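Chemist: Below: one structure in structure tokens.
The values are calculated or read from the model by the stated rules, or taken from the named source; none is laboratory data. Keep in mind it's a predicted model, so treat the numbers as computed, not measured. Cβ placement follows ideal geometry from the backbone for every residue including glycine, while neighbour counts extend to all protein chains displayed.
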Amino acid sequence: MTDIKTHIATSDTTSITVRGRDLVNDLMGKRSFTAMLYFLLSGHMPTDSQTQVLDACLVTLMEHGWTPTSLIARLAIDSVPTEAQVGIAAGLLAVGDVFAGTMEGAGRILEAGITQADKQAYCRGVVAEHRAARRPLPGFGHPIHKPDDPRTPRLFEIAREAGCKGDYIALLLELSAEFDRVLGRHITINATGAMAALLLEIGLAPHVMRSIAVVSRSGGLAGHLAEERETHAARHIWHLVEQNIPYEEPEAESR
């Protein structure tokens, strides 16, 4: 025997218990998927406001059209058409520090800065550190949405409507102002940066944020797989690559 225990769930012949609640009688039909996700991540049921904010974040990141995640998922399901989990799992492997998963890094920066007495100095230090290391500042920039990500102000609005205190949002805006000042131009706060602030506002830690991104994006990928069965776009993508990226003999010295 070990001292390790789980507080997540258990079951017997007649019941299933999730974090001390009876699944059939206390949760099914009474709690939403979003509320259950918060419950599993935090150990307590969310308020209506917390559910509203988390739900908005899940909807925000669910879909963005042709992205690495959706392309990979479609190519995978074309090769394994009877196994939906393969396509979704393959697509989710692209959720990381470049696409969709950057809210964790942004969340850690905001979490560390919220207790600083001089937040302006903290923001200066963060921007200087990332510039010196030539590292992207998580939560900022977008290849399509310029000068601003249209999702970001709506997320801030939803947070205000839900009654969030707004301290993390204010810190993110201060960091944005410093980043713009140093670069001499405006860089958008992208959706993952805004979501990092919102998730901190409702009491969720940075280490769960990428999991939330994965849960959200998996729903979008399910839609891509459903469409792929009708359109077979993956074959077209394959043919486009063959037609537009030709083989060329390597230089003699590299053979």
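Chemist: Does VAL18 meet the test of being surrounded by 15 or more Cβ atoms within 10 Å (Cβ to Cβ), in contact with a strand residue (DSSP E or B) (Cβ under 9 Å, 6 or more places away or on another chain) and among the hydrophobic types (A, V, I, L, M, F, W, C)?
Modeler: Considered against the rule, which asks whether it is surrounded by 15 or more Cβ atoms within 10 Å (Cβ to Cβ), in contact with a strand residue (DSSP E or B) (Cβ under 9 Å, 6 or more places away or on another chain) and among the hydrophobic types (A, V, I, L, M, F, W, C), VAL18 comes out as yes.
Chemist: Can you list the helices (runs of 4 or more DSSP H) found entirely within region 151-255 that contain at least 1 residues being within 24 Å of TYR122 (Cα to Cα), free of Cβ contacts under 8 Å to residues at least 24 places away in the same chain and within 20 Å of the chain's Cα centre (by Cα)?
Modeler: 151-161, 167-183
Chemist: If you don't mind, another one. Select from region 10-50 the residues that are in contact (Cβ under 8 Å) with a residue 24 or more places away in the chain and among the basic types (Lys, Arg) and list them in ascending order.
Modeler: Answer for region 10-50, where residues must be in contact (Cβ under 8 Å) with a residue 24 or more places away in the chain and among the basic types (Lys, Arg): just ARG19.
Chemist: Within the set of pairs 6+ apart or on separate chains, which have a first residue in region 76-104 that is free of Cβ contacts under 8 Å to residues at least 24 places away in the same chain, a second that is surrounded by fewer than 16 Cβ atoms within 10 Å (Cβ to Cβ), and C-beta atoms under 7 Å apart?
Modeler: Every condition considered, the pairs that remain are VAL86/VAL80.
Chemist: Might you check whether a residue that is polar (S, T, N, Q), buried (at least 18 other Cβ atoms within 10 Å of the Cβ) and at pLDDT 95 or above occurs anywhere in region 108-128?
Modeler: Looking for residues that are polar (S, T, N, Q), buried (at least 18 other Cβ atoms within 10 Å of the Cβ) and at pLDDT 95 or above, one finds none in region 108-128, hence no.
Chemist: Confirm whether VAL182 is surrounded by fewer than 18 Cβ atoms within 10 Å (Cβ to Cβ), modelled with pLDDT of 95 or more and either at positive phi or among the aliphatic types (A, V, I, L, M) (or both).
Modeler: yes
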